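Trainee: Here it is, the structure in full.
All of the numbers you see were taken from the coordinates with simple rules; none came from a lab. Keep in mind it's a predicted model, so treat the numbers as computed, not measured. Glycine gets a Cβ as well: all are built from the backbone with ideal geometry, and neighbour counts include every protein chain shown.
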Amino acid sequence: MSPAPRQTGVRAGAETPKLRVLQVSLHHPELVRGGAQQVCYELFEGLKARGDFAPVLLAATDDSAPALFRSGARITGFDGRPDEHLFLTSEFDPFWHRSSNKLLAESFAEFLRLIRPDVVHFHHFMNFGADYLTLTRRVLLDCRIVFTFHEFLTLCHHYGQMVRRSDRSLCDRGSPVRCHQCFPEIAPEMFFARAEWFRRHLSVVDAFTVPSRFMIDRYVEWGIPAGKIVHIPNGQRNYAAGVQAEPKRGKRNRFGFFGQLVDGKGMNVLLRAAALLRAQGFDDFLVEINGDNLRYATPAAQSEFERLRAAEEALPVEAQRVLFNGPYHVEKLPRLMARVDWCVVPSVWWEVFGLVISEAWMFRRPVIASDVGGMAERIRHDETGLLFPMGDFRALADTLRRAATEKGLWDRLVAALPPAPTRETMVEAYARVYRDGANTVQAALARAAE
């Protein structure tokens, strides 16, 4: 099939053609919740709301939704929505991050030829393949390729979390020997080759973005040119807009967890802290758990979660201090946030940004979080929130007790909360990257910060 002419979306009389931007996402947020895919979709919708871009979304999905694969298609539409498409991945190797299904690569290349994007923005190569970056460059010689690092997957085979498997301690760098220590069944030479594989395919990228500043040093040390990396905080639409404030409560002793029930989110740290408080005789509190995707947790984490939940639910209703509300969609945030006073983010990895922190700030809820990575970068301890030593459920229990009992603490922290990064600000920053490139945007951001 011959390439279609570039579709710029220009209307009669229009002076400037719309820039066509392909957003490549590891999942669609309505099929699998997660921060990277949520940010991608926010950006997609934000670009649609402008008059100078024509965005297209290609979101991967895996066999967690088997019915989608029955048609035999490789790329298909999503729910009849204009410019939203699903990439039905298969035969994916999570070590090399590539698929052995050549028909998928051919379909992706044909998709590129059909829509002819000016910019291809990868929010991940998971479920696609790192080699899809160089494939994009071969098909579209003059397009701009943008890549967003949402974690440290190129540095770390352990889900990109930079957490040592032996003792769950944080790791500050990857190397063939260090990675072999976490995965003794894989030779050090394989990790060297894996890093070179990623570097080769990332070399065709024109601009990289990261949501938190501390990530820049890690990736520069790994080999990404500093002049190509731009810090762009993740923005979201304001889900609290137009929501009436709830009646003031006499106590501020209700805590909420929002997110995925996977190992890195540290949900079990919070459950242990709640159990410890009850064992100490303190029960003037309530914890609400909102989230899903437990199926993606390790068997050990799943087992501990189910044990802690069973112990809680075995208590009489009036004695229960932890409620399990199940999965939620972002549209439910107003109702769920109204039920709590504090948002707890007990992640046991670097948590490079933490969208839930932004969501809490939208509803003027202070955050209690682990003292590392993007959480520590965003929250000033005892000024705009509370931090505790990562993974220390005893310290978290003490922090929960303080939050529930210290008079004036909640009001003081709420008064100092910064505004949450907006979707409009994020979209504008990406629009400049798409049009002007990384160096120009870096200079503009530096001038704005002076």
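Trainee: Just to confirm the number: angle between the C-alpha axis of helix 35-49 and the first principal axis of the chain, 0 to 90 degrees, nearest 10?
Mentor: Result, in degrees: 60.
Trainee: Where a Cα-Cα gap under 26 Å defines reach, which lysines qualify for Lys407, not counting those fewer than 8 residues away within the same chain?
Mentor: Qualifying lysines at Cα under 26 Å: Lys248, Lys251.
Trainee: Rounded to whole Hz and in sequence order, give me ³J(HN,Hα) for region 78-88 from the Karplus expression 6.51 cos²θ - 1.76 cosθ + 1.60, θ = phi - 60°, writing x for Gly and Pro.
Mentor: Whole-Hz 3J(HN,Hα) from phi for region 78-88: 10, 6, x, 8, x, 6, 10, 9, 10, 9, 8.
Trainee: Would you mind working out the magnitude of the charge dipole of region 387-435 relative to its Cα centre, with +1 at each Lys and Arg C-beta and -1 at each Asp and Glu C-beta, to the nearest 20 Debye? Don't skip to the end; give the middle numbers.
Mentor: On the way: 8 positive and 6 negative charges, 10 e Å.
In debye, rounded to 20, region 387-435 gives about 40.
Trainee: Let me ask another. Which values of log₁₀ I(q)/I(0), to two decimal places, follow from the Debye formula for region 254-415 at q = 0.09 Å⁻¹ with a uniform point scatterer at every Cα?
Mentor: -0.26
Trainee: Let me ask another. Would you grab the residues whose amide H sits under 5 Å from the one on Val287? Only those 5+ places off in sequence or on another chain, please, with H modelled 1.01 Å from N.
Mentor: Phe255, Val322, Leu323
Trainee: Angle check, please: helix 267-279 long axis (alpha carbons) against the longest principal axis of the chain (alpha carbons), in degrees 0 to 90, nearest 10.
Mentor: Here the helix axis deviates by roughly 0 degrees.
Trainee: Then there is this: Fully extended, how many nm does the chain gain between Asp292 and Ser203 (0.36 nm per residue separation, minus their Cα-Cα distance)? Could the numbers behind the result be given before it?
Mentor: Numbers: separation 89, 0.36 × 89 = 32.04 nm, distance 3.60 nm.
Full-extension gain reported as 28.4 nm.
Trainee: Hey, another quick one. Using R₀ = 41 Å, calculate the FRET efficiency as 1/(1 + (r/R₀)^6) where r is the Cβ-Cβ separation of Arg435 and Asp283; round to 0.05. Working shown, then result.
Mentor: On the way: r = 57 Å, r/R0 = 1.38.
For Arg435 and Asp283, the calculated efficiency is 0.15.
Trainee: Just to check I understand the Karplus step: with θ = phi - 60° and J = 6.51 cos²θ - 1.76 cosθ + 1.60, what whole-Hz values come out for region 416-428, glycine and proline as x?
Mentor: 9, 4, x, x, 6, x, 8, 5, 4, 5, 4, 4, 5
Trainee: Taking amide H atoms as placed 1.01 Å from N in the peptide plane, list the residues 5 or more away in sequence, or in a different chain, whose amide H sits under 5 Å from that of Arg144.
Mentor: Those lying under 5 Å, H to H, from Arg144 are Val119, Val120.
Trainee: Next question, about the same structure. Compute from the Cα atoms of region 326-367 the Rg and the Dmax, the latter being the longest Cα-Cα distance, and quote both in angstrom.
Mentor: Answer for region 326-367, Rg first and Dmax second: 10.6, 29 Å.
Trainee: Moving on. Provide the per-residue ³J(HN,Hα) series for region 173-178, in order, calculated from phi with Karplus coefficients 6.51, -1.76, 1.60 and θ = phi - 60°, each as a whole number of Hz, with x at glycine and proline positions.
Mentor: 6, x, 7, x, 6, 4
Trainee: Which pairs, out of Lys18/Lys228; Lys102/Lys332; Lys18/Lys102; Lys48/Lys102; Lys18/Lys265, put more than 29 Å between their alpha-carbon atoms? Please list the in-between numbers first.
Mentor: On the way: Lys18/Lys228 24 Å; Lys102/Lys332 41 Å; Lys18/Lys102 32 Å; Lys48/Lys102 32 Å; Lys18/Lys265 39 Å.
Exceeds cut-off: Lys102/Lys332; Lys18/Lys102; Lys48/Lys102; Lys18/Lys265.
Trainee: Further, regarding this structure: FRET efficiency for Ala416 and Lys48, Cβ-Cβ distance as r, R0 = 30 Å, nearest 0.05?
Mentor: Step by step, r from the Cβ atoms, then E = 0.30.
Trainee: If you consider only alpha-carbon coordinates, what radius of gyration and Dmax does the chain have, in Å?
Mentor: Radius of gyration, then largest Cα-Cα span, for the chain: 22.6, 73 Å.
Trainee: Modelled label-to-label distance, Arg380 and Leu141, 7 Å Cα→beta-carbon offset: nm?
Mentor: 5.3
Trainee: Sequence-distant or interchain residues sharing an amide H contact under 5 Å with Leu86, placed H: which?
Mentor: Ala59, Thr76, Gly77, Phe78
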